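A short reminder: the numbers here are calculations on the coordinates, not readings from a lab. These numbers come from a predicted model, not from an experiment. Here the Cβ positions follow ideal geometry from the backbone for every residue, glycine too, while neighbour counts run over all protein chains shown.
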Amino acid sequence: MAIFLAQHGLSLSRDKDPEKGLSQKGKEETQKIADVAKFYKIPVTKIVHSAKKRADQTARIFKATLEINNIEQISGISPMDDVTVFGNKIDPNSSILVVGHLPYMEKLVSFLTTNDSDIRVCKFQNSGIVCLDFDDAGWFIKWILNPNIT
């Protein structure tokens, strides 16, 4: 099985929303990606997200569209958290969707695929999903689904 990592949708500026919730464009792009994920029957069994409003809102769009009942707010995946703590606990068979933030998400992919969180191996987009799979050689990027392909 695989794990799925998503950056939250585009958020409002702090002056428009002190909690930086999703903008209308962020909601629309997340819905677009969630619809594609549903079309491809991405096998998510659980969604976890950070405590930040924009991650929660993004996770709830995925929850509703993918019809996932198992959703949980977790600690340890905020923008500046240590990726090794969460990364070393990931079960390759879990089929979880993790909704988080930059730079954390990019550093997590780097840590899992190269064992070095400072080597940049992919660039996330708001609302985008990176699928990581695991085999005898370790973690690898299986595919990336982004709202903007140009």
Hits among aspartates and glutamates - C-alpha to C-alpha of Lys46 under 13 Å, sequence gap 8 or more where chains match:
Glu67, Glu72, Asp91
For Lys142, go through the aspartates and glutamates and keep the ones whose alpha-carbon is under 16 Å away, minus same-chain ones fewer than eight residues off.
Glu106, Asp133
Give a quick list of trypsin sites (Lys or Arg not before Pro) in the stretch 110-150 that DSSP marks as loop, anything other than H, G, I, E or B, with at most 13 other Cβ atoms within 10 Å.
Arg120, Lys123
P(r), alpha carbons of the chain - 5 Å bins starting at zero, rounded %
2, 10, 20, 25, 22, 13, 6, 1, 0, 0
Using only Cα atoms, find the angle between the long axis of helix 24-39 and the longest principal axis of the chain, and express it within 0 to 90 degrees, rounded to the nearest 10.
50
Which of the trypsin sites (Lys or Arg not before Pro) across the stretch 23-93 are loop residues per DSSP, with 15 or fewer other Cβ within 10 Å?
Lys41, Lys89
Only bridges whose two residues both fall in the stretch 2-145 count here: according to DSSP, what percent of them are antiparallel, nearest 5?
55
Tell me, what is the percent relative contact order of the stretch 2-145, built from C-alpha pairs under 8 Å that lie six or more residues apart?
32
Using only Cα atoms, tell me the angle between helix 53-66 and the longest principal axis of the chain; keep it within 0 to 90° and round to the nearest 10.
80
Given 16 as the ceiling on other Cβ atoms within 10 Å, longest exposed-site-free region of the chain for GluC sites (Glu not before Pro) in DSSP loops:
68-150
Run the reach check for Lys53 against lysines, Cα to Cα strictly under 27 Å, same-chain hits fewer than 8 apart removed. What comes back?
Lys16, Lys20, Lys25, Lys27, Lys32, Lys38, Lys41, Lys63, Lys89, Lys107, Lys123
Unit charges at the beta carbon, dipole of the stretch 2-145: most positive-side option, Leu132, Val109, Ile42
Ile42
Angle between the chain longest axis and helix 104-114 axis [Cα atoms, degrees, rounded to 10]:
20
Note, Thr84: beta-carbon cut-off 15 Å, +1 each Lys/Arg, -1 each Asp/Glu, net -3
